[in-house]
Amino acid sequence: SFMGEAIPTFEEFIALCAELGLHPYIEIKGNLTESEAKQLVKIVSDAGMLDNVSWLGFSGDALARIVSVDPTARLVWVLTDTYDAKLAANSIPFAQQNLMTGESEVVFDIYYTLVTQSIVDLLKMYNIPLEVWTVNDYNAILSLNPYVSGVSSDMYNAKEILTEAGILG
């Protein structure tokens, strides 16, 4: 039972991540205003964590607001309706124009079953890293395309996967 347990504030969460040496993925739900983006970036900056967070969003516009406040931001753009035509037609040009500052890092994040070799080839061509979500099957994680550099899972953490795969002792 968690009755009476207080939900930490964003400030407390970022402070704890700093204390524990964690790299949080800060998920932006929906859109956000310029002042909200400034407020979030200030909290992260005040905690000394600007270079150790990823801003994850489903909206290119929301991520553009973050990078307009912090040009060095690491942005993880979750594309929920991904196929080659959409990637080529919308996401890459938008990312180039609105998210890539020369100092920022832009990562595309798609559902793992949608990863095709042509998507990987396209992202490689533009030097855009690829992460995937939500992989809850151990064998599916092991069989991911080697270009995938990050995995969201409800079931596993990196240490468990690497230990089971015999990579960590």
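The values are calculated or read from the model by the stated rules, or taken from the named source; none is laboratory data. All of these numbers come straight from a predicted model, not from anything done at the bench. Heads up, the Cβs are rebuilt from the backbone with ideal geometry, glycines too, and the neighbour counts pull from every protein chain shown. These area figures cover heavy atoms from the full protein model, side chains too; ligands, DNA and RNA do not enter into them. Shrake-Rupley method; radii C 1.70, N 1.55, O 1.52, S 1.80 Å.
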Region 89-169: which GluC sites (Glu not before Pro) are DSSP loop and have at most 10 other beta-carbon atoms within 10 angstrom? Glu103
Labelled set [x] 34, 17, 15; [y] 26, 24, 14; [z] 53, 15, 14; semi-axes √(5λ) of the Cα gyration tensor in Å computed from this model equals the value at [y]
Net +/- balance of residues flanking Lys38 in space, Cβ distance below 13 Å, scoring K and R +1, D and E -1: -2
Less than 14 Å Cβ to Cβ from Asn127, Lys/Arg counted +1 and Asp/Glu -1: what total charge do the surrounding residues give? -1
Per residue of the chain, what 222 nm ellipticity follows from adding -39500 (n - 2.57) for every DSSP H run with n ≥ 4, rounded to the nearest 500? -10500 deg cm²/dmol
Counting only protein heavy atoms with a 1.4 Å probe and every protein chain in place, the carbon and sulfur fraction of the accessible surface of region 100-169 in whole percent equals 52 percent
Expressed in nm², what is the orientationally averaged projection area of the convex hull enclosing the Cα positions of region 29-90? 4.5 nm²
How much accessible area per residue does region 73-169 have, in Å², with a 1.4 Å probe? 54 Å²
In whole percent, and with a 1.4 Å probe on the protein chains, what portion of the accessible area of region 1-81 is carbon and sulfur? 56 percent
Under a point-charge model restricted to the Cβ atoms of Lys and Arg (+1) and Asp and Glu (-1), what is the dipole moment magnitude of the chain relative to its Cα centre, in debye to the nearest 20? 340 debye
Glu105: net charge of surrounding residues, Cβ under 15 Å, Lys/Arg +1, Asp/Glu -1, itself excluded? -4
Could you tell me the relative contact order of region 1-83? Use alpha-carbon pairs under 8 Å, at least six residues apart, and round to a whole percent. 29 percent
